[in-house]
Structures are given as C-alpha cells and as structure tokens.
Amino acid sequence: MKKLFIEQTVDKIGQEIGLYGWVDSKRDHKKIVFIDLRDRTGIVQVVGDEKFKELNSEDVIYLKGIVKKRPEKLTNPKLKTGQIEIQALNLKIISKAKPLPIPVNSDGYDIDEEIRLKYRYLDLRRLRMYKNLLLKSKITTFIRNYLTKEGFLEIETPILTKATPEGARDFLVPSRLQKGKFYALPQSPQQYKQLLMVAGIEKYFQIARCFRDEDPRKDRAYGEFTQLDLEMSFVTQNDILELTEDLFTQLVKFVFPEKKIQQTPWPRISHSDAQIKYRSDKPDLRKNKQDKDELAFAWIVDFPLFAEQTEKEYFFGSGKAKFAPSHHMFTSPHPSDIDLLDKNPLKVRGLQHDLVLNGFEVGGGSIRIHDPGIQKKVFDLIGFTEEQKKQFSHMLEAFSYGVPPHGGIAPGIDRFLFTALGEPSIREVMAFPTSSGGKTAVMDAPSEVTNDQLRELGIRLIGEKSKFQSSNVKSSPKSK
Ligand code: ASP
C-alpha cells in the first residue's frame, strides 16, 4: 500500500485511513490523549485513548483512524491540516525514541553547529532543513529538464582523476595498483568538459561534485560542493550569458515564485567599472537590502586575464612568473588584446564572466582557448616549467585533432540556494556538510586507517605510527 502523506489527510474526511509518522508532541488529558503526528509534509492532530499515554516525542508509530472535520471553533489556522483531526482506532508503536540531544521543532539557528552536525540525521528532521533539501531537489530537477530540452547531454566525468590546476589545493587519493602515485579529486570537471567538446558533444552539462581543500567561509563549504557545470561549442560569450540568464530567470519563477528579480536583462558590468563604482567585483546591487525576496543578479565581464602575484602568493608554475590566471589558465584572451600578450600581459582582458547575486559570486566561466599556440603562450606567462607543461600535453594534443571553439560556466548550486534564501551559512543548504574544522557530519572523518591498509598502499606515516591496528586482518607474510 502506498504511504499516505499527512498533508493528504485533509482530502479524506469521513474515511478510515492508516498513517505512519513521528510523535511530534503529546498532550495528556487523562482519558483522552492528543498527539501531533508528523511526517515530512506536516503535522496532524490525533485523538487517542489511554494507550497513547506511553508515547514519547519522536517515537515512530502507525495508527488507523477516521478523519474528522473539527468543529469550527477548534480549527487551527496555523496548520495545513488545522480543519481536521484523526480519531484513532488503534495504535502500533514501530520504534521507540530516546530523548533527543537537540530539539527538532525549532528553526535550529541557536543550537551549536558542531552538535547539529554530529546529529545531522536529527537536525534534518526540522522543517526548515527539510524545506531547504526540497528546494535543492527542485532546483536540480528543473535544471535537468531545462537543459535537456535545450539539447544538452548530461555526462559524468571521473572523480578519481588528475589535478585540475584551478588555484585550490587538491585532495589526493593514493593508488594501490601504482604505488607512490596519487589520483586527485577534481576541483571541477574543467578539462574533461573541454575534452567532451573535442569529442563533438557540443552541449554538455553535469550536476558536478567539486573538491577543494581550501579554508571554509560563510559562502564556501570545506571540502566539497555541487555546481551546475556546462559547456557548449560554437558559441559566443553572449550565447552563454543569455542561456544562463534565461535558465535562472525561469528557475526563480519555478522555485521562488515569491521572489523578484530586480533588473532584467541582468546588468553587465565591466570588471574595471565594478571596481571603480562599487570597489568590488561582486557588488550587491539590491536596492533594499532588508527585503529577503529581492534578487539582484548581475554579470561581471572583461576581467583582466592575469593577476599580478608576489612570490609569496605563488601557486602556479616555477615560482618566478609574475602572472597568475585570474580565472583559470584555459580562459581565452579577448581577441582584440592578443597582441598585448607579448607586450603588456596585465592589460589583456579575458573572455571571462562571473555571475553575481546579492553580493556573492554564484558562478564563473569563460570562452576557452582553443588554439594550442595561445594555450602554450599562457602556460609560459604563468611560468610553467617544461615538466608542468607536460602535465597538460593531453590538452594540447587533443586540440591538434580538430577542436571547436567552446566555452561555458559553472554556477554553484549550494551557493545559489544559500544566497537566494539569505541563509547565514552555505552549510544550511547541504545535507551532510563538513564542519568548519574539516570533520564530516555524523561520521567524523577523516579518521586513522589500519597499518595493513597503509602497507597495501605503500605508505608509511612520518613520525607517529598509525595508532589504530586492524583487528580482523591478520598480517600476511608479505606485509611483515
Ligand atoms: N571550472 C570553472 C570553475 O569551477 C568554471 C568554468 O570555467 O566553467 O570555476
């Protein structure tokens, strides 16, 4: 039998129904016991007999009952089911609950986040968190439908891969089959999506998980996040901006009908104008910053292709070059600035675009370099050694077999939702985020591993020995 959701009970007046759920609260009136029964769709009042006395909050139960219309003066306008109540016929306790370590019937903002993350499976019972997860699911479904209709293919790219040099630290995964070598978790599918364009896919997207070992911030979770990654061939920058703008405009109408986009078409502001006018490359253009339903989208374009860097900041290349890519090293220079690559690299504009919303950078992208000669020049300007260039030889080789001009963008999905909702932290829109100290919710990773696991990978820890010995794996003669 299909489970009846609590919100559906309002259509069943006069009928006998079966309901599953959690006991949200109990009010004991001696012979009659009222409980509020909860599932993810809401709460309904149940009128029970003395058997209901033994129920505690958060017990999971099944009950049969008759749906009754409440007398006019006993209706509760605050509840979706406030017009009715369930007269219980019988009760089955499926699973008892201990008292919870955190309350789940509040918005939860005032509870210590470490505790909320330790008990995330309870924390997600609160309505606010459920709604956030529901919105995220609606967003990804909408995006999939929209892009599929526009002729995009959803394609997965590897998670065990090689470092994508996008400016953050990589997470490394040791290889067992090739000891001493490591995979990197992708900072984004950047190189793969460009290779898919070489493959002739033309329109690609992925709801992609990206991994970056960088310090958490209010708008950036530690470790991993999800972005809508997309790439197209034979397009101009304007095509990418128009598609993205329409996608997000339709998306806002669908998931946030109460919200208003402040200005359409979205303003396009050059990087230098933004710096002069707002002293920021992600200006908050809301007219009324108190209004939670105002969405001020904007495009920032014409970024300088390179940023100057001091030796201390050095991330790319040999450590001598003065220039770092301001987006990433695959971004195409503006066609009219190609000459400046040799003469004055800091004056070269890149075909980069950032999507800004209410003062946050929600996504970025660019038209890519597809000329191997220009790509090599950019590698030189950012100071790549021969060794480092070799790491990208697959891109240059791929570009020698007929490459379409291409470009794309990658808006962060958690970022967008967090910004549109005005939540205080991006972790509020993620089911199991990592804490600011880098620990995973509930499971408390990272954790030590057994000596046997390390031995198999050919890894010895420096200093302290692995404290945690394997209990069920006996050391084999090989591993002695
Ligand atoms: N890979 C880039 C990023 O993650 C986005 C892009 O250029 O499409 O920021």
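The values are calculated or read from the model by the stated rules, or taken from the named source; none is laboratory data. This one's a predicted model, so the numbers in the text were calculated from it and none came from an experiment. When we count neighbours, we look across all protein chains shown, and the Cβ atoms used for this are built from the backbone with ideal geometry, even at glycine. Surface areas here come from the heavy atoms of the whole protein model, side chains and all, with no ligands, DNA or RNA. Shrake-Rupley method; radii C 1.70, N 1.55, O 1.52, S 1.80 Å.
Stretched out fully, how many nm does the piece from Ser270 to Lys80 gain, at 0.36 nm a residue minus the Cα gap? Intermediate results must be reported in sequence, preceding the final value.
Details: separation 190, 0.36 × 190 = 68.40 nm, distance 4.81 nm.
Here the segment from Ser270 to Lys80 would lengthen by 63.6 nm.
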Starting from the Cα-Cα distance between Thr41 and Glu114, subtract it from 0.36 nm times their residue separation and give me the gain in nm to one decimal.
23.6 nm
Whose amide H sits under 5 Å from the amide H of Gln262, counting only residues 5 or more places off or on another chain, with H placed in the peptide plane?
Leu295, Ala296, Phe297
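Can you compute the FRET efficiency between Lys289 and Leu89 using 1/(1 + (r/R0)^6), with r the Cβ-Cβ distance and R0 = 60 Å? Round to the nearest 0.05.
E(calc), rounded to 0.05, equals 0.65.
Relative contact order of the chain: what whole-number percent is it, with Cα pairs under 8 angstrom and at least 6 residues apart? Can you show the working numbers first?
Working: 891 pairs, mean separation 59.2, N = 480.
This gives 12 percent for the chain.
Could you please tell me the mean projected area of the C-alpha convex hull for the chain, averaged over all directions and given in square nanometres to one decimal? If you can, show how the numbers build up before the last one.
On the way: hull surface 122.3 nm².
Averaged projected hull area, Cα only: 30.6 nm².
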Between Thr450 and Tyr20, how many nm apart are label points set 7 Å from Cα along the C-beta direction?
3.6
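Please report the net charge: other residues with Cβ closer than 9 Å to the Cβ of Ile13, K and R +1, D and E -1. If you can, show how the numbers build up before the last one.
Details: positive: Lys12, Lys68, Lys69; negative: Asp11.
Net charge in that neighbourhood comes out at +2.
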So if I take the centroid of the Cα atoms in the range 81-136 and the same for the range 182-249, what is the distance between those two points in Å?
34
Please list the non-local residues whose amide H lies under 5 Å from the amide H of His334, H modeled 1.01 Å from N, same-chain partners needing a gap of 5 or more.
Arg349, Gly350, Leu351
Sort 32-41, 324-333 by packing, meaning the average of other beta carbons within 10 Å per residue, with the highest value first.
324-333, 32-41
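Count charges around Phe34 for me, please; just the other residues with Cβ under 9 Å from its Cβ, Lys/Arg as +1, Asp/Glu as -1.
On the way: positive: Lys26, Arg27; negative: Asp28, Asp36, Glu85.
Taking every Cβ under 9 Å from that of Phe34, the sum is -1.
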Excluding ligands, DNA and RNA, what is the solvent-accessible area per residue of the range 355-408 at a probe of 1.4 Å, expressed in Å²?
38
I'd like the distance between the alpha-carbon centres of the range 32-46 and the range 402-462, rounded to an integer number of Å.
37
When ranked by the protection proxy of mean other Cβ atoms within 10 Å per residue, highest first, what sequence do the peptides 412-419, 20-27 form?
412-419, 20-27
Taking only Cα atoms, what is the 0 to 90° angle, nearest 10, from helix 127-149's long axis to the longest principal axis of the chain?
50
The range 399-452: relative contact order as a whole-number percent, Cα under 8 Å and 6+ apart
16
Calculate how many DSSP beta bridges within the chain are antiparallel, expressed in % of all such bridges and rounded to the nearest 5.
90
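Just want to confirm a number: the relative contact order over the range 42-135, from Cα pairs under 8 angstrom separated by 6+ residues, in percent. Present the calculation step by step, with values, prior to reporting the outcome.
Working: 113 pairs, mean separation 26.6, N = 94.
With pairs under 8 Å counted, the relative contact order is 28 percent.
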Could you run the Karplus curve 6.51 cos²θ - 1.76 cosθ + 1.60 with θ = phi - 60° over the range 379-392 and give me ³J(HN,Hα) per residue in whole Hz, x for Gly and Pro?
4, 5, 5, 8, x, 5, 6, 4, 4, 5, 4, 4, 4, 10
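Assuming a ≥ b ≥ c are the square roots of the Cα gyration tensor eigenvalues, decide whether the range 349-452 counts as rounded (a/c under 1.5), prolate (otherwise, with a/b larger than b/c) or oblate. Spell out each step's value before the answer.
Values: a/c = 2.95, a/b = 1.44, b/c = 2.04.
It is oblate, given that a/c is not under 1.5 and a/b is not larger than b/c.
So how much slack lies between Asp11 and Ile462, counting 0.36 nm per residue of separation and subtracting their Cα-Cα distance, in nm?
Additional length available on full extension: 155.8 nm.
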What are the ³J(HN,Hα) values, in whole Hz, obtained from phi via the Karplus relation 6.51 cos²θ - 1.76 cosθ + 1.60 with θ = phi - 60°, for each residue of the range 194-199 in sequence order, with x given for Gly and Pro?
5, 5, 5, 6, 4, 6
Sort the following peptides by mean Cβ neighbour count (other Cβ atoms within 10 Å, averaged over residues), highest first: 52-60, 252-260, 116-124.
116-124, 52-60, 252-260
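Out of the total accessible area of the chain (probe 1.4 Å, heavy atoms of protein only), what percent is carbon and sulfur? Write down the numbers at each step before the final one.
Details: 13580 of 25650 Å².
Its accessible area is 53 percent carbon and sulfur atoms.
Accessible area per residue of the range 72-164 at 1.4 Å probe, in Å²? Walk me through the numbers on the way to the answer.
On the way: 5800 Å² over 93 residues.
Per-residue value: 62 Å².
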Mind listing the phi-derived Karplus ³J(HN,Hα) values for the range 235-241, rounded to whole Hz, using 6.51, -1.76 and 1.60 with θ = phi - 60°, and x for any glycine or proline?
10, 9, 4, 4, 4, 5, 5
Based on the Cα coordinates of the range 1-139, what is the per residue volume of their convex hull in Å³?
139
Going by amide H atoms built from the backbone, whose H comes under 5 Å of the H on Ile84, apart from near neighbours?
Arg70
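Give, as a single signed number, the net charge of other residues whose beta carbon lies under 10 Å from the beta carbon of Tyr183, with Lys and Arg counted +1 and Asp and Glu -1. Provide the component values of the computation, followed by the final result.
On the way: positive: Lys162, Lys181; negative: Asp170.
Value of the local net charge: +1.
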